[in-house]
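Reviewing the structure listed below.
The values are calculated or read from the model by the stated rules, or taken from the named source; none is laboratory data. Since the structure is predicted, the reported quantities are computational estimates derived from the model, not experimental observations. Every residue, glycine as well, gets a Cβ built from its backbone with ideal geometry; the counts of neighbours run over all protein chains shown. Ligands, DNA and RNA are excluded from the accessible area calculation, which covers all protein heavy atoms including side chains. Shrake-Rupley method; radii C 1.70, N 1.55, O 1.52, S 1.80 Å.
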Amino acid sequence: MDLLKFKLTIAYDGTEYEGWQVQKIGTGVQEKVEAALAKLFPSHPRLHSSSRTDTGVHALGMIAHFEVPRAEARMSPQKLALAINAWLPEDIRVFETVRVRPEFHARFGATGKQYRYFVWNHPAMNPLLRNTAWHVPRPLDGRAMRLAAGLFVGRHDFRSLATNPGYARESTIRTITRCEVKKSGFLFTFIIEGDGFLYRMCRGMVGTLAQIGLGKFPAEGVKVMLAKKDRRVAGMTAPAHGLILWKVFYSKKPAAAGHKQLRSSLINSGS
């Protein structure tokens, strides 16, 4: 069968969802997007995503792809994004749809991901950020957190920072290429980039950094935590609602057939 492949860039507020993946109990974001696609394509295409996000986690740059028979692809990619959005709830939106080469794969072609985590550090929570930032009312030591964040960069065994997923993992070694802590007013932004992430690893890193900022651990303690390879020696797991899958990285080779690579200002803002 002659198939065409399309790549979607999807943003969503994960507050009302049990994560990205289709769920046996509860609703996943994937389920909503596939239902929208089923309204447009008789073949009811299945989505293949770059990542899985947990319950309550958000995304600004989730990447997914699907395939449909050429005979069903009757509208331009630009119109397709609008058509999909017409069938989606307001907390899920497709930013862009492009046609890609047959060899493109949203998951296996990804070379890295960037997550951002937001912390509101003021005695009173900002009500406008209540669904997208963790409220830490006590003052945080930004200098200590930045020093500790730099110690996560590199190739390490991150077993101490991740939650046991309940199944065997091939490896707990990951490479972090960027871990920064930025501050604007009362808002801290934790920017984490890497080639892959273990279950709740980003949230374990942020929770640990926050507790370092509160003085519970010394910044240099990150070295000991990584060496111990024991979840009990590191800090807490930060709440899900402050985490956003910001963007997914692919190789420099052109993935789109006849279309420009994504240049969404929403995704690139602040990076």
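Could you grab the pairs with beta carbons closer than 6 Å, sequence gap of 6+ or different chains, first residue in region 103-132 and more than 22 Å from residue 214 (Cα to Cα), second one among the β-branched types (Val, Ile, Thr)? Between residues of region 103-132 that are more than 22 Å from residue 214 (Cα to Cα) and residues that are among the β-branched types (Val, Ile, Thr), the close pairs are 106/63; 110/248; 113/248; 115/192; 131/15. Total residues in region 21-52 satisfying the condition of being of a type in the set (S, T, N, Q) and outside any loop (DSSP other than H, G, I, E, B): the figure is 2.
Identify all residues within region 5-20 that are assigned to a strand (DSSP E or B) and more than 18 Å from residue 36 (Cα to Cα); write none if there are none. Selection gives nothing.
Residue count for region 196-214, restricted to those that are over 14 Å from residue 174 (Cβ atoms) and either among the basic types (Lys, Arg) or in contact with an Asp or Glu (Cβ under 7 Å, 6 or more places away or on another chain) (or both): 2. Would you tally the residues in region 18-52 being in contact with a strand residue (DSSP E or B) (Cβ under 9 Å, 6 or more places away or on another chain), charged (D, E, K, R) and open to solvent by 50 Å² or more (accessible area, probe 1.4 Å)? So the answer is 2.
Hey, among 123, 102, which residue is open to solvent by 10 Å² or more (accessible area, probe 1.4 Å) and at pLDDT 95 or above? Of the residues listed, the single one that is open to solvent by 10 Å² or more (accessible area, probe 1.4 Å) and at pLDDT 95 or above is 123. The requirement of being more than 17 Å from residue 242 (Cβ to Cβ), at pLDDT 95 or above and open to solvent by less than 60 Å² (accessible area, probe 1.4 Å) is fulfilled somewhere in region 140-147, by at least one residue. When 88, 60, 82 are screened for being among the hydrophobic types (A, V, I, L, M, F, W, C) and either over 24 Å from the mean Cα position of the chain (by Cα) or open to solvent by 70 Å² or more (accessible area, probe 1.4 Å) (or both), only 82 passes. For region 190-217, filtering for residues that are of a type outside the set (Phe, Trp, Tyr) and either open to solvent by 20 Å² or more (accessible area, probe 1.4 Å) or touching a helix residue (DSSP H, G or I) at 6+ places or on another chain (Cβ under 6 Å) (or both) leaves 15. Just for region 236-250: of the residues that are under 15 Å from residue 136 (Cα atoms) and not in a loop (DSSP other than H, G, I, E, B), which one is most open to solvent (accessible area, probe 1.4 Å)? Looking at residues that are under 15 Å from residue 136 (Cα atoms) and not in a loop (DSSP other than H, G, I, E, B), I get 241. The residues listed here are 15, 55; of these, the one that is open to solvent by 10 Å² or more (accessible area, probe 1.4 Å), more than 16 Å from residue 97 (Cβ to Cβ) and touching an Asp or Glu at 6+ places or on another chain (Cβ under 6 Å) is 55.
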